[in-house]
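Here the structure comes first, spelled out in structure tokens, and everything after it is commentary.
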């Protein structure tokens, strides 16, 4: 398993975008952003990822690229998931993850399956310096909170002012205990 690899689960194919495809997807999102709030959100997230990658260097591109989620059976685009930091660039050695699904793809367990596969990847290749993973979620986004909890994340902080919760999943050496052995490759919804 490598950071460049396409990931496969029972139902999903999770494809990391190379620089050419990243630029094309970002341009398409920019064109649609004027008329579509979801496209605007995608564009904003991709812009932030690109800026973070440039601030580090090209070596970290694969840590910052967007990964598109497709249904294996039909090749239907469902949404995206992205790592937003690399373990050696974050002061706390945490890898940030962000994700979004199209409205029709929600409620089927797809993101739980995709996040589980991404966690498996990150915890396999993150290296000894990695402390774990972190995600921010809106307080009102209860379904996303359930996804994080199902994938072994624990809520560690909340800001009512920002309307945001912070969730972390630490590696065993940083948490003091080994997480449950979870196999997301054959996960059912």
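Does region 76-87 contain at least one residue that is within 25 Å of residue 4 (Cα to Cα), surrounded by fewer than 17 Cβ atoms within 10 Å (Cβ to Cβ) and touching a residue at least 40 places away in the same chain (Cβ under 8 Å)?
Narrowing region 76-87 to residues within 25 Å of residue 4 (Cα to Cα): 76-87.
From what is left, the residues that are surrounded by fewer than 17 Cβ atoms within 10 Å (Cβ to Cβ) are 76-77.
Add one more test, that the residue is touching a residue at least 40 places away in the same chain (Cβ under 8 Å), and what stays is none.
No, region 76-87 contains no residue that is within 25 Å of residue 4 (Cα to Cα), surrounded by fewer than 17 Cβ atoms within 10 Å (Cβ to Cβ) and touching a residue at least 40 places away in the same chain (Cβ under 8 Å).
Answer yes if at least one residue in region 122-134 is in a helix (DSSP H, G or I), under 12 Å from the mean Cα position of the chain (by Cα), surrounded by 17 or more Cβ atoms within 10 Å (Cβ to Cβ) and at pLDDT 95 or above, and no otherwise.
So in region 122-134, the residues in a helix (DSSP H, G or I) come out as 122-125.
Now drop any that are not under 12 Å from the mean Cα position of the chain (by Cα), which leaves 122.
Narrowing the set further to residues that are surrounded by 17 or more Cβ atoms within 10 Å (Cβ to Cβ) leaves 122.
The next check asks that each one be at pLDDT 95 or above; those that pass are none.
There is no residue in region 122-134 that is in a helix (DSSP H, G or I), under 12 Å from the mean Cα position of the chain (by Cα), surrounded by 17 or more Cβ atoms within 10 Å (Cβ to Cβ) and at pLDDT 95 or above.
Among the residues of region 61-70, count how many are assigned to a strand (DSSP E or B) and touching a helix residue (DSSP H, G or I) at 6+ places or on another chain (Cβ under 8 Å). Give the steps one after another, and end with the answer.
Going residue by residue through region 61-70, those that are assigned to a strand (DSSP E or B) are 66-70.
Then keep just the ones that are touching a helix residue (DSSP H, G or I) at 6+ places or on another chain (Cβ under 8 Å); that gives 66-69.
Number of matching residues: 4.
Let's see how each residue does on (1) on the phi > 0 side of the Ramachandran plot; (2) touching a strand residue (DSSP E or B) at 6+ places or on another chain (Cβ under 6 Å); (3) at pLDDT 75 or above:
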residue: 142; (1), (2), (3): no, no, yes
residue: 149; (1), (2), (3): no, no, yes
residue: 158; (1), (2), (3): no, yes, yes
residue: 162; (1), (2), (3): no, no, yes
residue: 165; (1), (2), (3): no, yes, yes
residue: 168; (1), (2), (3): no, yes, yes
residue: 181; (1), (2), (3): no, no, no
residue: 188; (1), (2), (3): no, no, no
Tally, over region 80-103, of residues that are farther than 15 Å from residue 153 by Cβ and assigned to a strand (DSSP E or B): 4
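Taking region 104-115, which residues are out of contact with any strand residue (DSSP E or B) (no Cβ under 8 Å at 6 or more places or on another chain), without any contact (Cβ under 8 Å) to a residue 40 or more places away in the chain and assigned to a helix (DSSP H, G or I)?
Let us first name the residues in region 104-115 that are out of contact with any strand residue (DSSP E or B) (no Cβ under 8 Å at 6 or more places or on another chain), namely 104, 106-109, 112.
So of that shortlist, the ones also without any contact (Cβ under 8 Å) to a residue 40 or more places away in the chain come out as 104, 106-107.
Within region 104-115, just 104 meets the criteria.
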Subset of region 149-166 that is under 16 Å from the mean Cα position of the chain (by Cα) and not in a strand (DSSP E or B) - its residue that is surrounded by the fewest Cβ atoms within 10 Å (Cβ to Cβ): 149
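The values are calculated or read from the model by the stated rules, or taken from the named source; none is laboratory data. None of the values given here were measured: they were computed from a predicted structure. We place every Cβ from the backbone using ideal geometry, glycine too, and count neighbours over all the protein chains shown.
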